[in-house]
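Asks: This is the structure I have questions about; it appears just below.
The values are calculated or read from the model by the stated rules, or taken from the named source; none is laboratory data. Everything numeric here is computed off the predicted structure, so don't read it as measured data. Positions of Cβ are generated from backbone atoms using ideal geometry, with glycine treated the same way; all protein chains shown enter the neighbour counts.
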Amino acid sequence: MTAAGTAWSRRVSAATPAHRERAVDALRALAMCGVVLGHWLVTALVAAPGGALRQRSPLTTMPWLTPISWVLQTLGLFFFVAGYSGARGLVRSRAAGRSTPRWLLDRARRLLPPMAVFLGVWLLVHVALSVAGVDPWTRHTVDKLALSPLWFVLVLVGLLPLTPMLVAAERRHGPWVAVVPLVAVALVDLARYRLWPGLPSWPAYVNVLLAWLTPYAMGVSAARRRPGPRAGAAIAAAGLAGAALLILVSHYPAALVGVPGENRSNLNPPSLLTVMLALVQIGLALRWWPRLTALTMLPRWWAAVVVLNLAAMTVFLWHQSALLIVTFAGRRGWGDPPGLLEAPDDPSWVGHRVLWLPAFAGTLAVLWLITSRVENRRRPHRLQDVPVLRMPADGVGEHVGQRLGHGRGLRTPARGGRCGDLLVQVDAQVTAAVPEADRDQGGAGGQGQPGRAGRHGGGPAE
């Protein structure tokens, strides 16, 4: 990292309130990286004899890659963070005198505009491909890959209205609120695979909500009283034991992502094995929470977490689009380059695909630069519009602290100029990320003071 980058990261870290739970933002960043890398590593496009593009998976021909899906399928961890942040945000909103419908509307305003832009762009692309006479199967493959990330946003939109009920239920029943959807997923799987093997597949899609409601409810519970490292280790062990039983005894497919051509999937719709993986990941997150917090106290790591959080919606919506853009560019320039448009039939494909990852990431970064104003609507459009630049230099530190702390001035050394601009943008963009990072983590009533906490973690005041 350059000297300027080091100085910037230190200033970002210094302007972050001490009560902010950085581990929550770090977990969100880890979940994003897992999902994106997982998709980029297991999604292969192959040119059929007639020239049409078809989707393939290296897991079909190289099943020894299956453990990659255990590590990189991190959606359960992401929904856990969403529940955690949602519960904190709701408590803070109520403490500030705002109604629950207003809180929900604010959340929807963060989710829906980027999704509308995404859909609008891909509608135009679909029309353009049709007018250009592109092969129908290629259009189908492109549409399927490009629009597949939307399901995540739609599930999140469906879970948000349940947050007030989950918060109320958690106050009465504690962590058991997460057991109900877990048991429901188990019952659905029992009906599908044991009691009525010929059951149509469509009733099982209730698991799309129930399976992700489980980690979401765990996040809601952890927001009030976070389990400690020992409890986290127990949760991870229980999830691991459950996953082993499902694979070895109940013969669930081992891959935690969909594999084209397989007649059974753990993800479409989600199965009990997917929930077990979520338990493992959440348990490990709770187990290593103190160390993760310590790691994010290092300025350069915290700055990286901030950047990833401010690009959350773009990353989820557009990462498969980045893969498609690079794929079509590669096809136009080099025919069928290895690792991009060749069949994933041998280990060399994996090595070649890894070499393409920087191109995918660079394209995704460009897409973020184009769409960032939609995702982060509070971002100033011009440098002179940043309020901090119109302040005396000795007021910049406290102003930025108030912005990041939302009501609590942070006494930092005086800083101005571009640093002030960046720090204000960091606040505006991180709080606009999806799901929204809680603006007052660990505080109650917007005052930045820790609420009543459990033994191992701070929670909002009851």
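Asks: When you scan the range 135-231 for helices (runs of 4 or more DSSP H) that lie fully inside it, which ones turn up with 2 or more residues that are within 23 Å of residue 104 (Cβ to Cβ), out of contact with any strand residue (DSSP E or B) (no Cβ under 8 Å at 6 or more places or on another chain) and of a type in the set (D, E, K, R)?
Replies: Details: elements: 136-147, 150-159, 163-173, 179-190, 207-224.
In the range 135-231, the matching helices (runs of 4 or more DSSP H) lie at 163-173.
Asks: Give me the pairs: first residue in the range 113-127 and over 15 Å from residue 139 (Cα atoms), second residue buried (at least 16 other Cβ atoms within 10 Å of the Cβ) and acidic (Asp, Glu), beta-carbon distance under 7 Å, and six or more apart or on different chains, which are they?
Replies: Qualifying pairs under 7 Å: 114/375.
Asks: Can you tell me which residue is farthest from the chain's Cα centre (by Cα) among those in the range 263-281 that are under 18 Å from residue 203 (Cα atoms) and among the small types (Gly, Ala, Ser)?
Replies: Across the range 263-281, the extreme among qualifying residues is 265.
Asks: Determine whether the range 251-260 contains at least one residue that is surrounded by fewer than 21 Cβ atoms within 10 Å (Cβ to Cβ), within 23 Å of residue 30 (Cα to Cα) and among the small types (Gly, Ala, Ser).
Replies: Scanning the range 251-260 turns up at least one residue that is surrounded by fewer than 21 Cβ atoms within 10 Å (Cβ to Cβ), within 23 Å of residue 30 (Cα to Cα) and among the small types (Gly, Ala, Ser).
Asks: Further question: Look through the range 120-142, keep the residues that are among the polar types (S, T, N, Q) and surrounded by 15 or more Cβ atoms within 10 Å (Cβ to Cβ), and return whichever of them is farthest from the chain's Cα centre (by Cα).
Replies: So in the range 120-142, the residues among the polar types (S, T, N, Q) come out as 130, 138, 141.
With the extra rule that they be surrounded by 15 or more Cβ atoms within 10 Å (Cβ to Cβ), the set shrinks to 138, 141.
Numbers: 138: 28, 141: 24 Å.
Result: 138.
Asks: Could you tell me which residue of the range 143-182 is farthest from the chain's Cα centre (by Cα), considering only residues that are aromatic (Phe, Trp, Tyr) and at pLDDT below 90? First the steps, then the outcome.
Replies: Step one: list which residues in the range 143-182 are aromatic (Phe, Trp, Tyr), which gives 151-152, 176.
Those left that are additionally at pLDDT below 90: 151-152.
Values: 151: 13, 152: 9 Å.
Out of the qualifying residues, it is 151.
Asks: Tell me which of these residue 198 doesn't satisfy, since it passes every other one: (1) among the small types (Gly, Ala, Ser); (2) under 23 Å from the mean Cα position of the chain (by Cα); (3) at pLDDT below 95.
Replies: (2)
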